[in-house]
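The values are calculated or read from the model by the stated rules, or taken from the named source; none is laboratory data. These numbers were taken from a predicted model, which means no experiment stands behind them. FYI the Cβ positions are ideal-geometry reconstructions off the backbone, even for glycines, and counts take in every protein chain you see.
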Amino acid sequence: MANTLEYLDCSYYHRDSYIYKWGGVNQNGISDLKKLRTLFCNSNGNIHDVNHLSGTLEVLGCSGHIYYHIDQYGISKLKFLRELYAKSNQEINNVKGKNLFSLQPSTTTMVSCKSSV
């Protein structure tokens, strides 16, 4: 599976907004994945870094609680990121050396960078 899996959703969907539990897939669980193009790990506090996917990852969902998510360092080496979903993730503010709010639509689509509060 490490050489074939292209899509993974290991997000944690919680019902009670005051209780944050982590998804079952952790950093070790994704470390051997070679072909992953789409990863959703929203509110998964066990995943902090996806730089090992720098040659393949195109879509990343890392929204979630302010303390449990991928931060700026965890995406710093991504080369092919086209879509980033990071609602309520205030630790990410720059992709490929460009401010997220000034990216051209043809490169990376930033769906939501800051919390709507």
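Condition (residue is outside any loop (DSSP other than H, G, I, E, B), surrounded by 15 or more Cβ atoms within 10 Å (Cβ to Cβ) and modelled with pLDDT under 90) applied to segment 38-60: is it met by at least one residue? No, the conditions are met nowhere in segment 38-60.
Answer with yes or no whether Gly74 is of a type in the set (Gly, Ala, Ser), within 10 Å of the chain's Cα centre (by Cα) and modelled with pLDDT of 80 or more. Answer is yes for this residue.
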